[in-house]
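Asker: Before anything else, here's the structure in question.
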Amino acid sequence: MQGFTLHAPTEIVFGKGSEEQTAGLVKKYGGTKVLIVYGQGSVEKFGLLDKIADKLVSEGVAVLKHGGATPNPHLSFAREGIRAATEFGADFILAVGGGSAIDAAKAIAHGTRNPDMDIWKFWLREEPLTRSLPVGVVLTISAAGSETSNSAVITNTETGQKRGLLTDFNRPRFAVMSPELTYTLPKYQIACGVADIMMHTMDRYFTPEANENKVSEMTDEIAEALLRVVIKYGPAALENPTDYQAQSEIMWAGSLSHNGITGLGRTMDFSVHGLGHELGGRFDVAHGASLTTMWGSWARYVLAVNPERFARYAEKIWGAKTPEEGISKTEAFFKSIGMPTCFTELGIGVQPDDVIDHLADGAVFQGKRLVGTFKPLDKNDCAAIYQAANK
Ligand code: NZQ
Ligand code: ZN
């Protein structure tokens, strides 16, 4: 087993009614003036926002609400939030929502604590992030894993760039995870979440260390169990969104898939995320759907790098006899939950060559990086994979 560092400090409060504990947790982590960041209205509509804000106020915590985070949250929304938090004197940022609200909250925390800095420089890695405000989370969708992850993904609509920032300053202080809060999700969002959770695991499972037979069995088995549980309970949650066991299995899997534990002692690949982010940045499609659109094309392109790894995946996850059958069964599962496996299914239609070229150029950051590590992909590789999905 390779050495590793695991820093997963987020206090997780999981279970029915756990949102009642939010005010106490904010105070425990030092919040006295709280900016609540949320999305486009679901938490208002279902009463969660007022419930949490009222409890905070009744416990002597000052509150300012900052709503409107879109899926693929915009840099401009974060900048507005930084202005609001600064004027208010916020000392704590509370996200109530999904990955988009959480990532926006993380960006606002970074910017408010670094008032003289253009925060996009952190995402472009032009400036190091050395301090931030504390962030807490009340999760309403099982998907991105941002409630415990070290990542925050922001889209700059001026440049069309969607970029992730990895830093331990992105780890929330606490995550309140009440599966009942997900009962109101549209089925499409449940499916996008299932896809994203699987992809966080698979983007770590297909690792270059597997190509050298240096992967830990323990980490592999955790990842494989997680995938099987999500594949079992995802369809159950779609069938009945108020199935507590199904929603709780998915919610817990969502955090485990992205807090680092499914990738311990190995190099992350994240090719499919790299390819998917370009689709998200350009076409504003749901994150989970962007990933399933690319996965099969990526898998067939890189299969020859390590067929044994794909054979193990096929057998352990799908009971399939060949790597190709494992890939096909994965795509069939995505389709069965309503997720796309190519551009037309994603709803963006077949794209001309210049768009494929632009996507590939964006994926490699205009020649500044290769995508992924299982098979490091250059621009031509990326273009070939986009082209394979372009149907
Ligand atoms: O905006 P509202 O009105 O709240 O509606 C949201 C949104 O339309 C809705 N929703 C959420 N909870 C709900 C609900 N509707 C009804 N009932 C509820 N309980 O669902 C829609 C999707 O929400 P969003 O927050 O966008 O979903 P998700 O958690 O999938 O987050 C996606 C974002 O996270 C990023 C993605 O790139 C994308 O921008 N990611 C963040 C990661 C991280 N920080 O670690 C890792 C991921 O790989 C991902 O890149
Ligand atoms: Zn993801």
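Asker: If you go through region 263-274, how many residues are within 23 Å of T293 (Cα to Cα), of a type outside the set (A, V, I, L, M) and not in a helix (DSSP H, G or I)?
Answerer: Here the count works out to 2.
Asker: Search region 37-66 for residues that are at positive phi and pair each with any residue that is charged (D, E, K, R) and surrounded by fewer than 18 Cβ atoms within 10 Å (Cβ to Cβ) when their beta-carbon atoms are under 9 Å apart and the residues are at least 6 apart or on different chains.
Answerer: G60/K27
Asker: Okay, moving on. Could you run through region 66-94 and say how many residues are surrounded by fewer than 17 Cβ atoms within 10 Å (Cβ to Cβ) and under 16 Å from T22 (Cα atoms)?
Answerer: Residues that pass the stated criteria total 0.
Asker: Would you please list the contacts, defined by Cβ atoms under 8 Å and residues six or more apart or on different chains, that run from a residue in region 70-87 that is farther than 14 Å from G99 by Cα to a residue that is part of a loop (DSSP other than H, G, I, E, B) and β-branched (V, I, T)?
Answerer: L75/I119; L75/T157; S76/T157; F77/T70; R79/I119; I82/I119
Asker: Conditions: (1) surrounded by fewer than 19 Cβ atoms within 10 Å (Cβ to Cβ); (2) among the β-branched types (V, I, T); (3) within 15 Å of ligand 2 (Cβ to nearest atom). T267 meets all but one. Number of the miss?
Answerer: The single condition T267 does not satisfy is (3).
Asker: Could you check region 133-166 and list, in sequence order, the residues that are more than 30 Å from G234 (Cα to Cα) and either part of a strand (DSSP E or B) or in contact with a strand residue (DSSP E or B) (Cβ under 9 Å, 6 or more places away or on another chain) (or both)?
Answerer: Hits for region 133-166 are L133, P134, N156, T157, Q161.
Asker: Condition first: among the small types (G, A, S), touching a Ser or Thr at 6+ places or on another chain (Cβ under 8 Å) and closer than 21 Å to Q247 by Cα. Can you find one or more residues in region 16-37 that meet it?
Answerer: Taking every residue of region 16-37 in turn, at least one turns out to be among the small types (G, A, S), touching a Ser or Thr at 6+ places or on another chain (Cβ under 8 Å) and closer than 21 Å to Q247 by Cα.
Asker: Looking only at region 185-208, which residues are part of a helix (DSSP H, G or I), polar (S, T, N, Q) and more than 8 Å from ligand 1 (Cβ to nearest atom)?
Answerer: Correct list: T201 only.
One line per residue, one yes/no per condition, for (1) in contact with a strand residue (DSSP E or B) (Cβ under 8 Å, 6 or more places away or on another chain); (2) of a type in the set (K, R); (3) crowded, with 24+ Cβ neighbours inside 10 Å:
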position: V272; (1), (2), (3): no, no, yes
position: H277; (1), (2), (3): yes, no, yes
position: T292; (1), (2), (3): no, no, yes
position: K316; (1), (2), (3): no, yes, no
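Read the figures in this text as sums done on the coordinates, not as results from a lab. No experiment lies behind these values; they were computed from the predicted model shown. No Cβ is skipped: glycine too gets one built from the backbone with ideal geometry, and neighbour counts run over all protein chains shown.
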